[in-house]
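Notes to accompany the following structure.
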2 protein chains.
Amino acid sequence: MAVNLQIPAQSDIHAVKGVDIGIAAAGIRKVDHPDLTVFKLAPNTAVAGVFTTNRFRAAPVQVCEVHLSSDHDTQALVINTGNANAATGDTGMEHARRTCSEAAELLDLRPSQVLPFSTGVILEPLPIEKIVASLPAAVNDLRPDNWFAAAHSIMTTDTQPKIYSTQLPLGNTTTTITGISKGAGMIKPNMATMLGFLATDAGVAPELLKEMTRSIANASFNRISVDGDTSTNDSFIIMATGQNGVQIDSVASPHYATLFASLKAAALDLAQKIVRDGEGATKFITIQVDEATSRAEALKVAYAVAQSPLIKTAFFASDPNLGRILCAIGYAGIKDLDISKVRLWLGDVLVATKGGRNPDYQEADGQRVMQAEEITVRIGLGRGHDTETVYTCDFSHEYVSINADYRS
Amino acid sequence: MAVNLQIPAQSDIHAVKGVDIGIAAAGIRKVDHPDLTVFKLAPNTAVAGVFTTNRFRAAPVQVCEVHLSSDHDTQALVINTGNANAATGDTGMEHARRTCSEAAELLDLRPSQVLPFSTGVILEPLPIEKIVASLPAAVNDLRPDNWFAAAHSIMTTDTQPKIYSTQLPLGNTTTTITGISKGAGMIKPNMATMLGFLATDAGVAPELLKEMTRSIANASFNRISVDGDTSTNDSFIIMATGQNGVQIDSVASPHYATLFASLKAAALDLAQKIVRDGEGATKFITIQVDEATSRAEALKVAYAVAQSPLIKTAFFASDPNLGRILCAIGYAGIKDLDISKVRLWLGDVLVATKGGRNPDYQEADGQRVMQAEEITVRIGLGRGHDTETVYTCDFSHEYVSINADYRS
């Protein structure tokens, strides 16, 4: 059901020097289903993360934030699916900490060198004993070429694994960037039940990596919406192992711009894959808002359009019911919006201008664009020079089925 | 499909002295389908209205606002379904004005004494000639006992007519309150493709009626959500004809409180009927948020819950997947929310407390509440003393079908 989601061939996935991955089936929710993933990182890997803004952020997110701010370098990640360990109170915090301490013992690390991640059902106790019992199997499985298996083992309602890998020349050596992501519902800006892990064998100064991660998240994982729900567990991590000899210490470093652009492209691909595999998605929709007085204003309009169930069902039906888009622009919250200056394009077709339908617009043209699997909606607000783009999908019967049946 | 929507018997609908209603089939969208409704009001009827906040508010809404602020008393309403006359630019404004001037000519009024209302598809030109051609038939049909027919003739995707009627003793006489509403999708606070018309034969000073209408709208039509989309055309009108001898000039008048409460109850019933008939609705859900520091804060949380597709699909499935509700509370935008103080009840069942699941909670109890057709979600934020309530429905396959097929 996923929309044009490219799964690279196993042979196109490049291992990242300094990253080993191990998988196990802990039986957290389903039996004999890989659901526990361990990343082992070379010492002195720089690791930075961006997390959900939800006030009910899950226990593992809270522990991640504490551990990332500790004095010791992060050398392991533990990721479980099947249970989000969210809204689980003090017990949930104990479980997240125990996950780290057990992994640390197996890997001879401090607990604060381990980051925990969980995704799945909220409000149910994490079956910690199952995780503890399966950690040794995951650790025994550690190896560099497990990226593909990891992309599978972090899936929940995803129908496809999400993986990206590239290599680029940087100075005298080759730099590898490989990453995985998961998420299909509860997806909206400021992260979602969305996990993204991106690794490179280039080295980046830790403080710089933090800034890069924030900026990259805002151009990728924070610009997607499936259903407007911001999850409790969203996490996006970049790991720079520094094992290939390239070291980037500041934005003035010779290879900074190239690496930044390449990491951003990787993150955008992984984020868009989440939308392409959005629950029940049949279309991939890009909403671009131009001529705003600020990026915040452009985003407000883009999300009003991206999150309207009425618009999303019209996309599902390939129905150019474009008045619904104007309606959403109108309620997006720009109080002094002059609608006579608003223009709306569907693909390359100018649909609305001067507060009404473009006199030259033909429904057949709108229909042609709507038939495609990938559709761009472009809105000119006629107010300023700022622009923002968000990515979303349509709203189908399948979305209702998936979410009505998720726990059963 | 509507959830417990009571349709009164024809004999329980009381005409309102000073209000005549006429209906015609203008063929705006469907042939031989009543789609044009005219209200004729006695001279000196007080009329007040509340309209959509959408910036793309439709031409008729703009004309209503101008006409209501004119010096002449409103003596007629003209309502068409099948076309919203929204996002129709200058031509749309001409059409709305022409509707008024044609009706005024037939009724011997000034154009500014006529209010126009439209509901239906956005971005398509209003077939004004069809309306003009059928206005005489509607005017010829004017009579006091046409309320039931009017409730039918203003329907769009509604499956049931929405009508309310009551009589109460006020002083030495009987006061009648009768009203109709329509709307089933694009329904969210600050009005929706929602029309509500409420009439009483009591008299109310025009300025006082304005205040009452605003206050009543905020307790009824502005507290409902079907899909979170605020339409371009929403309008709520109260008409007080003053034909029964009761006259209320200030909040200190002896019958003010009774009339206000009765009008509010009528508006709440008509608004809730819209939710009960929400597109594809199988459940009627009340979201009550208590212990907020302000009503605005309580509303923010209530709407985050009421508009989450994940929560609405879980209600459709009768699945007590209550973590999704906590998740929505968490992303509602209260930055300093202390989740350890939040409590969540489903019906009478305490589900969550202290940031996690209530230790005494049994899934069977949640399941029992979820099976019902009417469900109350109560949230205690543990922050203050303000409270707000909103009404919504679940999200079903049928919603997708209706909105994917609406124009075809």
Log entry, pairs with first residue in region A:315-329 being among the polar types (S, T, N, Q), second being open to solvent by 10 Å² or more (accessible area, probe 1.4 Å) and at pLDDT below 90, beta carbons closer than 6 Å, six or more apart or on different chains, reads A:ASN321/B:ARG407
If I filter region B:88-129 down to residues being polar (S, T, N, Q) and free of Cβ contacts under 8 Å to residues at least 60 places away in the same chain, which single residue comes out as farthest from the other protein chains (Cβ to nearest Cβ)?
B:GLN113
Consider B:ALA87 carefully, then state whether it is at pLDDT below 95 and on the phi > 0 side of the Ramachandran plot.
yes
Has region A:25-47 got at least one residue that is within 14 Å of another protein chain (Cβ to nearest Cβ) and under 27 Å from A:MET212 (Cα atoms)?
no
Does B:ALA149 satisfy the criteria of being within 14 Å of chain A (Cβ to nearest Cβ), at pLDDT 95 or above and under 24 Å from the mean Cα position of the chain (by Cα)?
no
Identity of the residue in region A:25-58, within 30 Å of B:LEU381 (Cα to Cα) and β-branched (Val, Ile, Thr), that ends up surrounded by the fewest Cβ atoms within 10 Å (Cβ to Cβ)
A:THR53
It is to be established whether one or more residues within region A:177-185 are modelled with pLDDT under 95, open to solvent by less than 30 Å² (accessible area, probe 1.4 Å) and among the hydrophobic types (A, V, I, L, M, F, W, C).
yes
Can you name every residue in region B:244-282 that is open to solvent by 40 Å² or more (accessible area, probe 1.4 Å) and in contact with a Lys or Arg (Cβ under 9 Å, 6 or more places away or on another chain)?
B:LEU268, B:ASP269
Taking region A:1-24 and keeping only residues that are more than 30 Å from A:GLU211 (Cα to Cα) and either basic (Lys, Arg) or buried (at least 20 other Cβ atoms within 10 Å of the Cβ) (or both), one is left with A:ALA2, A:ILE23, A:ALA24
Which one of the conditions (1) modelled with pLDDT under 95; (2) more than 20 Å from A:GLY82 (Cα to Cα) does A:ASP249 fail to meet, given that it meets all the rest?
(1)
Could you give me the residue pairs with C-beta distances under 8 Å whose first residue belongs to region B:56-77 and is closer than 21 Å to B:PRO43 by Cβ, whose second residue is in a loop (DSSP other than H, G, I, E, B) and small (Gly, Ala, Ser) wherever it lies, and which are 6+ apart or on separate chains?
B:GLN75/B:ALA42
Show me the helices (runs of 4 or more DSSP H) found entirely inside region A:289-408 where at least 1 residues are within 8 Å of chain B (Cβ to nearest Cβ), in contact with a strand residue (DSSP E or B) (Cβ under 7 Å, 6 or more places away or on another chain) and surrounded by 21 or more Cβ atoms within 10 Å (Cβ to Cβ).
A:323-330
Selection count where residues are open to solvent by less than 20 Å² (accessible area, probe 1.4 Å), within 14 Å of chain A (Cβ to nearest Cβ) and farther than 20 Å from B:ALA150 by Cβ, scope region B:59-87:
3
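The values are calculated or read from the model by the stated rules, or taken from the named source; none is laboratory data. Since the structure is predicted, the reported quantities are computational estimates derived from the model, not experimental observations. For neighbour counting, all protein chains shown are included, and Cβ atoms are generated from backbone atoms with ideal geometry for every residue, glycine included. Protein only, heavy atoms only, side chains kept; ligands, DNA and RNA dropped before computing areas. Shrake-Rupley method; radii C 1.70, N 1.55, O 1.52, S 1.80 Å.
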